[in-house]
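The structure appears below as structure tokens.
The values are calculated or read from the model by the stated rules, or taken from the named source; none is laboratory data. Just so it is clear, the model here is predicted, and its values are computed rather than measured. No Cβ is skipped: glycine too gets one built from the backbone with ideal geometry, and neighbour counts run over all protein chains shown.
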Amino acid sequence: MPVKDLKGQQVWQRRTSRESLGHWVMWLIGVAIFAYCWQQISEATTWFFVWDAPRIANDIWTRATPPRWEYITQLGKPIWDTLNIATLGTFFALILAVPVAFLAARNTTPSKFFIRPIALLIIVSTRSINSLIWALLLIAIIGPGVFAGVIAIAIRSIGFCAKLLYEAIEEIDETQVEAITATGASRWQVMAYGIVPQILPAFAGIAVFRWDINIRESTVLGLVGAGGIGLQLSSSLNVLAWPQVSLILLVILAAVVISEWVSAKVRGAII
Amino acid sequence: MSALDTRIGKPWKKPPFVQRAWLRWALILGFAAYLVAAYMTIDVNWARVYEGLERGKQFVLAFTSPDFTSRSSDIWEGMIESIIMTVASSVVGIIISIPIALGAARNIAPLPIYLICRAIIAVSRALQEIIVAILLVAIFGFGPLAGFLTLSFATIGFLSKLLAEDIESMDRVQAEAIKASGAKWTQWINYGVQPQVMPRLIGLSIYRVDINFRESAILGLVGAGGIGATLNTAFDRYEYDTAAAILLMIILIVMALEYISGIIRERVQ
């Protein structure tokens, strides 16, 4: 136990002197790295604009309020598009994620050394790239529009859904699988009757959870031209129509809150 | 016995996932109707898609020969800026989110503070990074400062919420024992609460660093600094080999971060 001698009295301390020195050095390095980063950011910043920021913020606020309520009549179709991008994107992602998840799970993969790494690579690479970047790429390939948004959301969601799903598959109860196997079931029957019923609740939960996230992401996909309400947002920003921008932001906020509420309700009903 | 009698001789059928028949059929029909409606309203220009397949092939091929060299200075600068934004915003975000998490835990904070902190968390979570970035770029001008502020703001909502939940589910007994020894409020937090939530805090922080790096890659699209601007330019010029190089670097860094975070989380837990 680390103790310190204080005027002949033993006092308890949390760390030995060597430990506290190590901690001190670690903190010093951390602070130095942060100071360097901050210095780099500060160099790249025009500080005049920053000191001017409160005035600008105030200016934007006065321009943006009140929102232009009558503009909401033109937002019906974009909202419908946004909903479609999120829902169809999730739908296609789930179709693609299920086989990937089965190939990636240790207990169902046909080959641990060849197929599992490929499935894991698909999961990592689709997960680590943001849907906006996928949308940029797909717009360059298949042209702007809702379809590019659907595919972008679908690709982005594969990794997320497959990762959660394969973890669920790895955690299943093996005894049930063995029981089905013992009845003489084929490989596919074992899957359908031994594995699928166990992961179905997890699957439904993942689907709704990802749908909720996709609603959020699809609201901004339009910024790069992939359809949805983001298109209206970017065109309003481009013409500096701040009352329209504030209305769109309110609509997006409402959509996010509603989708989160729906997904929480559905997940509560499933689990 | 009668239940068995009625079952004997009949083939077993798999019980459906949704028990109530009307609800099951309503869900199936509703979803089918929705799919049809959605398909009708999305106009896909198949000729354009077909044309694009050639470009898609080029892009996939570009991954086999990514071009790191011809725009190396742009890529390098963008990557460094992204990493700097990630580090700085994670540090600031974590430092700010710890007091907010303490305030948002009902078993530590009084009701007024709890409500204020929960409101901060709700606002931060409801606004998306990219929208916040647009507003902050408009206010603070182009550059990494706007990106840094955006990511810090987003970190607060994420980390405070999860940390507050962990604090709320902590073991009261340990905290009370510290209090009974006559500890001040700060000592109580330091010795009673902090040791219990530290593993979770470290795990969440590393996870958030990972997320912040991924998000910093897109903030450049709206002018908030980082690799996104370079990536956007590469796509606009159809320089797929450069874009592939940037994407590969992002994937590699994210993989490395995930690997490191896995090791650290195993060690602290």
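Which is crowded, with 24+ Cβ neighbours inside 10 Å and in contact with a helix residue (DSSP H, G or I) (Cβ under 8 Å, 6 or more places away or on another chain), of B:Leu257, B:Leu231? Write out each step before concluding.
Details: B:Leu257 fails: crowded, with 24+ Cβ neighbours inside 10 Å.
Only one candidate passes the filter, namely B:Leu231.
Give B:Tyr50, B:Tyr34 a once-over and let me know the one that is in a helix (DSSP H, G or I), surrounded by 13 or more Cβ atoms within 10 Å (Cβ to Cβ), modelled with pLDDT of 80 or more and out of contact with any His (no Cβ under 6 Å at 6 or more places or on another chain).
Only one candidate qualifies: B:Tyr34.
Sub-6 Å Cβ pairs linking a first residue in region B:129-141 that is under 16 Å from B:Gly93 (Cα atoms) to a second residue that is outside any helix (DSSP H, G or I), at least 6 apart or interchain, are B:Ala133/B:Ala224, ordered by first then second residue. Scanning region B:200-212 for residues that are more than 17 Å from B:Leu127 (Cβ to Cβ) and either crowded, with 24+ Cβ neighbours inside 10 Å or among the aliphatic types (A, V, I, L, M) (or both) gives B:Leu201, B:Ile202, B:Leu204, B:Ile206, B:Val209.
Of everything in region A:29-46 that is assigned to a helix (DSSP H, G or I), facing chain B (nearest Cβ under 8 Å) and aliphatic (A, V, I, L, M), the residue that is farthest from A:Gln244 (Cα to Cα) is A:Ile33. Among the residues of region A:104-126, the one identified as closer than 21 Å to B:Ala245 by Cβ and either touching a residue at least 40 places away in the same chain (Cβ under 8 Å) or more than 14 Å from chain B (Cβ to nearest Cβ) (or both) is A:Ile122.
Within region A:47-61, the residues that satisfy the criterion of being under 20 Å from A:Leu240 (Cβ atoms) and in a helix (DSSP H, G or I) are A:Phe49, A:Ala53, A:Pro54, A:Arg55, A:Ile56, A:Ala57, A:Asn58, A:Asp59, A:Ile60, A:Trp61. Quick check: is even one residue across region B:111-129 at the interface with chain A (Cβ under 10 Å from one of its Cβ atoms), farther than 13 Å from B:Ala224 by Cα and of a type in the set (Val, Ile, Thr)? There is at least one residue in region B:111-129 that is at the interface with chain A (Cβ under 10 Å from one of its Cβ atoms), farther than 13 Å from B:Ala224 by Cα and of a type in the set (Val, Ile, Thr).
Residues considered: B:Val92, B:Val36, B:Val49. Of these, the only one that is in contact with a Phe, Trp or Tyr (Cβ under 9 Å, 6 or more places away or on another chain) and not assigned by TED's automatic domain parsing to the domain that holds B:Ile189 is B:Val49.
With respect to (1) in contact with a helix residue (DSSP H, G or I) (Cβ under 8 Å, 6 or more places away or on another chain); (2) away from chain A (no Cβ under 12 Å); (3) without any contact (Cβ under 8 Å) to a residue 24 or more places away in the chain, the lone exception for B:Tyr191 is condition (2).
Of everything in region B:194-210, what is out of contact with any Lys or Arg (no Cβ under 9 Å at 6 or more places or on another chain) and either within 10 Å of chain A (Cβ to nearest Cβ) or more than 19 Å from B:Leu151 (Cβ to Cβ) (or both)? Give them in sequence order. Quick ask: steps written out before the conclusion?
So the first thing to find is which residues in region B:194-210 are out of contact with any Lys or Arg (no Cβ under 9 Å at 6 or more places or on another chain), and the list is B:194-198, B:200-201, B:204-205, B:208-210.
Within region B:194-210, B:Gln194, B:Pro195, B:Gln196, B:Val197, B:Met198, B:Arg200, B:Asp210 meet the criteria.
Evaluate region A:60-79: report whether one residue or more is more than 9 Å from chain B (Cβ to nearest Cβ), β-branched (Val, Ile, Thr) and crowded, with 17+ Cβ neighbours inside 10 Å.
Just the residues of region A:60-79 that are more than 9 Å from chain B (Cβ to nearest Cβ), to begin with: A:61-76, A:78-79.
From what's left, β-branched (Val, Ile, Thr): A:62, A:65, A:72-73, A:79.
Applying the additional criterion that residues be crowded, with 17+ Cβ neighbours inside 10 Å yields A:79.
Scanning region A:60-79, I find at least one residue that is more than 9 Å from chain B (Cβ to nearest Cβ), β-branched (Val, Ile, Thr) and crowded, with 17+ Cβ neighbours inside 10 Å, so the answer is yes.
Restrict the check to region B:69-86 and report whether at least one residue is out of contact with any Ser or Thr (no Cβ under 8 Å at 6 or more places or on another chain), under 28 Å from B:Met198 (Cα atoms), within 14 Å of another protein chain (Cβ to nearest Cβ) and crowded, with 21+ Cβ neighbours inside 10 Å. Yes, region B:69-86 has at least one match.
If you take the residues of region A:127-179 that are hydroxyl-bearing (Ser, Thr, Tyr) and more than 11 Å from chain B (Cβ to nearest Cβ), which of them is surrounded by the fewest Cβ atoms within 10 Å (Cβ to Cβ)?
Taking region A:127-179 first, the residues hydroxyl-bearing (Ser, Thr, Tyr) are A:128, A:131, A:157, A:166, A:175.
From what is left, the residues that are more than 11 Å from chain B (Cβ to nearest Cβ) are A:157, A:166, A:175.
Details: A:Ser157: 29, A:Tyr166: 27, A:Thr175: 9.
Out of the qualifying residues, it is A:Thr175.
No other residue among B:Leu231, B:Leu204 is in a helix (DSSP H, G or I) and closer than 25 Å to B:Ser72 by Cβ apart from B:Leu231. Among the residues making up region A:103-121, those that are buried (at least 18 other Cβ atoms within 10 Å of the Cβ) and β-branched (Val, Ile, Thr) are A:Thr108, A:Thr109. Picking from residues in region B:211-232 that are touching a residue at least 24 places away in the same chain (Cβ under 8 Å) and over 16 Å from B:Ile83 (Cβ atoms), the one that is farthest from the other protein chains (Cβ to nearest Cβ) is B:Gly223. Within the option set B:Ala177, B:Ala164, B:Ala154, B:Ala138, being away from chain A (no Cβ under 13 Å), assigned to a helix (DSSP H, G or I) and crowded, with 19+ Cβ neighbours inside 10 Å holds for one residue only, B:Ala164.
Out of B:Val60, B:Val92, one residue alone is surrounded by fewer than 16 Cβ atoms within 10 Å (Cβ to Cβ) and either more than 27 Å from B:Ala224 (Cα to Cα) or in contact (Cβ under 8 Å) with a residue 60 or more places away in the chain (or both). It is B:Val60.
Have a look at A:Val25, A:Val100 and point out the one that is exposed (fewer than 15 other Cβ atoms within 10 Å of the Cβ), away from every other protein chain (no Cβ under 14 Å) and either free of Cβ contacts under 8 Å to residues at least 12 places away in the same chain or under 30 Å from A:Ala226 (Cβ atoms) (or both). Don't jump to the end; show me each part of the working.
Values: A:Val100 fails: exposed (fewer than 15 other Cβ atoms within 10 Å of the Cβ).
Of A:Val25, A:Val100, the one residue that is exposed (fewer than 15 other Cβ atoms within 10 Å of the Cβ), away from every other protein chain (no Cβ under 14 Å) and either free of Cβ contacts under 8 Å to residues at least 12 places away in the same chain or under 30 Å from A:Ala226 (Cβ atoms) (or both) is A:Val25.
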